[in-house]
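Scroll down for the structure; my scribbles are underneath it.
Just so you know, all these numbers are worked out from the coordinates, no wet-lab data involved. Values in this document were obtained by computation on a predicted structure and should not be read as measured data. Cβ atoms come from the backbone with ideal geometry, glycine included; neighbour counts cover every protein chain shown.
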């Protein structure tokens with residue numbers, strides 16, 4: 001459970017949630033998971049999806065707590081290391097849809113279909129967004145996309 | 001079949017591992033009934049505000065705010081950009097900055113001088129309800145590099161820039177600090193998210209380069 005929690009938490013932060021909001025949303029998701037434990041196949045994916053929805057639904061609270069956000073972070077959770085800052089910076093430069101898809105696929109490890117269900121979008125959109133955002137990130141990171149451009153992503 | 005890019009996967013894995021994870025039991029887990037939730041949230045917000053303010057005061061976390069207050073209390077006066085540049089502080093030579101930013105017509109350049117320190121405050125705006133305030137100071141610290149809080153760390157031509165973003169929803173703001181020798185600069189900007197937010201990291205970097213270039217001019 002701890003490993004699933006960590007993966008879901010990092011996914012939420014990478015998706016744009018502040019560390020305290022991510023922890024709050026996950027806390028609720030963990031409590032819900034304990035009530036549905038027998039029906040959960042992939043705890044990390046389940047926690048991420050439930051917490052992501054909760055975070056999005058309650059994002060308005062960020063306005064209320066905005067002036068204190070830095071104080072909550074200071075007290076509770078240390079800042080990310082250099083590689084983490086680099087990753088978050090690159091993800092923040094992506095549009096939110098692309099960022100969420102990349103996080104779901106690369107950090108949380110969801111399949112295209114699971115990502116589609118989690119984000120409420122079509123499977124084809126997930127595939128196209130994954131390819132587009134991946135190419136964008138690879139170009140920024142100085143790498144070359146080695147796959148043929150016509151190589152359509154397969155659904156897994 | 002896995003359609004994910006393995007090189008990007010490695011980059012993401014490294015970055016994700018560098019994000020610290022709080023303990024699962026580190027935050028209060030008490031459930032509230034739906035009926036009482038609103039009251040509890042409001043009460044909690046008030047308590048957090050009171051306790052947080054007290055703690056912050058005790059640990060001097062508001063030092064930047066108080067310094068800014070002291071600067072204001074010293075009294076400033078509106079000047080022209082040309083007069084502000086005679087202070088020797090790094091300042092742009094033009095009233096306009098890249099991205100459509102322009103100084104307000106009146107009172108946009110505020111100069112404060114004491115025997116110990118000098119600050120120049122520039123107030124810009126641009127279309128789409130965006131505003132930007134840039135303070136350049138010598139002799140007084142706008143921030144402490146060892147304690148400044150940031151979410152992004154940029155390096156622009158050797159200059160370290162600490163960037164924090166606030167309220168990442170409809171109307172976000174961004175704050176960036178950097179130092180050029182003994183001069184410190186603070187950028188604060190806001191703008192609606194629908195219009196792209198206040199400043200991107202690239203735009204911040206461009207501003208840093210302008211200030212850095214003006215600090216090395218003969």
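For a protection proxy built on the mean count of beta-carbon atoms within 10 angstrom, sort B:105-117, A:80-92 highest first, please.
Going by the mean number of other Cβ atoms within 10 Å, highest first, we get A:80-92, B:105-117.
How do A:56, B:129 rank when sorted from fewest to most other Cβ atoms within 10 Å of their own Cβ?
B:129, A:56
Applying a 10 Å radius around every beta-carbon, put B:205-211, A:121-127 in order of their mean neighbour count, most first.
Packing proxy ranking, top to bottom: B:205-211, A:121-127.
Can you put B:163, A:101 in order of Cβ neighbours within 10 angstrom, beginning with the fewest?
In order of increasing Cβ crowding within 10 Å: B:163, A:101.
Efficiency by 1/(1 + (r/R0)^6): what FRET value for residue B:182 and residue B:106, r their Cβ-Cβ distance, R0 = 30 Å, to the nearest 0.05?
About 0.45, to the nearest 0.05.
Take peptide A:84-93, look around each residue's Cβ out to 10 angstrom, count Cβ atoms belonging to other protein chains, and average those counts.
Per-residue shielding by partner chains comes out at 6.
Would you mind giving the mean number of other chain beta-carbons within 10 Å of the Cβ of each residue in A:18-29, as a whole number?
3
Hey, got the average number of other protein chain Cβ atoms within 10 angstrom for residues in B:150-157?
3
With no solvent and one equal point scatterer placed on each C-alpha of the range B:94-218, evaluate the Debye formula and give log10 I(q)/I(0) for q = 0.12, 0.19, 0.20 Å⁻¹, two decimals.
Here the Debye-derived log intensity ratios amount to -0.44, -1.13, -1.24.
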